[in-house]
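Quick notes on the structure that follows.
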């Protein structure tokens, strides 16, 4: 199956991660805006299984739209605003 970076769910993830404090409750001692959120929090917010959220988050991280941070056994995800701006400029120029 071909996996494309664009889907409604992945765009929803990117949109929710713009303001993670509004969309995700704090799960541990960190700040969701600075540290990121877990796949479990994304799955709960979207109403999908954790594995589905992990798959989408991993793909977005691999193409550079999300940054990851590992804290103990958790992977935290947050937007990479610089990379997202670069991609947006590429699309504005007509690719």
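The values are calculated or read from the model by the stated rules, or taken from the named source; none is laboratory data. Because the structure is predicted, anything quoted here is derived from the model rather than measured. With ideal geometry, Cβ positions are generated from the backbone for all residues, glycine too; neighbour counts draw on all protein chains shown.
Listed values, structure above:
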quantity: Count of residues meeting criterion [under 15 Å from residue 74 (Cβ atoms), modelled with pLDDT of 80 or more and surrounded by 15 or more Cβ atoms within 10 Å (Cβ to Cβ)] in the range 25-49; calculated: 9
quantity: Long-range neighbours under 8 Å by Cβ, at least six apart or interchain, first residue under 14 Å from residue 44 (Cβ atoms) within the range 19-31, second in a loop (DSSP other than H, G, I, E, B) and modelled with pLDDT of 80 or more; calculated: 20/36; 23/17; 27/38
quantity: Filtered residue count, the range 15-69, keeping only those that are assigned to a helix (DSSP H, G or I) and out of contact with any strand residue (DSSP E or B) (no Cβ under 6 Å at 6 or more places or on another chain); calculated: 26
quantity: Residue tally, condition within 15 Å of residue 11 (Cα to Cα) and either surrounded by fewer than 13 Cβ atoms within 10 Å (Cβ to Cβ) or touching a residue at least 24 places away in the same chain (Cβ under 8 Å) (or both), over the range 66-95; calculated: 8
